[in-house]
Amino acid sequence: MQLRDAHIVSAVSSSEAMEALLTRFAVISAPGKGAPIVLAALARLGTTACDWIDGELRIEIVGDEAQTKIAISTSLGDHFREKIFPDVVLRVPVEEFSRGIKRAPRLIEPLQVKESGKRIVLSISQEVRKTSLPPPMVKIDPESLMELPETVPMVPMMAVPLDVPSNVLPMAPPADSVAPAAKPGARVVLRRREPPTEK
């Protein structure tokens, strides 16, 4: 999720820069850390921002519960395809890419998406690619691309022991705060409830 607009623009400037970015993702990728953000850079290859690719652009994303392989190629016709980069393998479940595309479809604009099972194909024709301006950079909600830790559950208040007088109640925390879990053997501080004053 630390990939920024400047990184994307720089990566699209040349095949060497894009390959370096993909190689870096292969090294640092891990489940639940936002790896699908790399699709924002790959989608930009399908626009006028990239002038070093010819033909139809095709990005195949195939994987399982442990890893995902990304293959990028072009086609000039006659069903002949040429790989632009070596295949990249990320240690991320393919489901993360599927979920990321569904939750943040602008991530892959202007590419078209076809999904079948554990295979996702992103593509764009040469004609459309040469007339598609780069989309404005959009801020991607991290929840769309990564697994966020669950919030700490509220710890319920302890019940008042039976042998405590009725005029002594446990101190209640503010309504908008989360009570921390008490450590074993911790002393529970009780506050005496004062009777209302008469006016």
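Laboratory data are not the source of any read-out in this text; all were calculated from the coordinates shown. None of the values given here were measured: they were computed from a predicted structure. Note that we place each Cβ from the backbone using ideal geometry, even for glycine, and neighbour counts take in every protein chain shown.
Peptide packing: for 55-67, 31-43, the average count of neighbouring Cβ atoms within 10 Å per residue gives the ranking 31-43, 55-67, highest mean first. What is region 5-145 by shape, rounded, prolate or oblate, if you read a ≥ b ≥ c off the alpha carbon gyration tensor as root eigenvalues and call it rounded for a/c under 1.5, prolate for a/b larger than b/c, and oblate otherwise? Taking the square roots of the gyration eigenvalues as a ≥ b ≥ c, region 5-145 is rounded.
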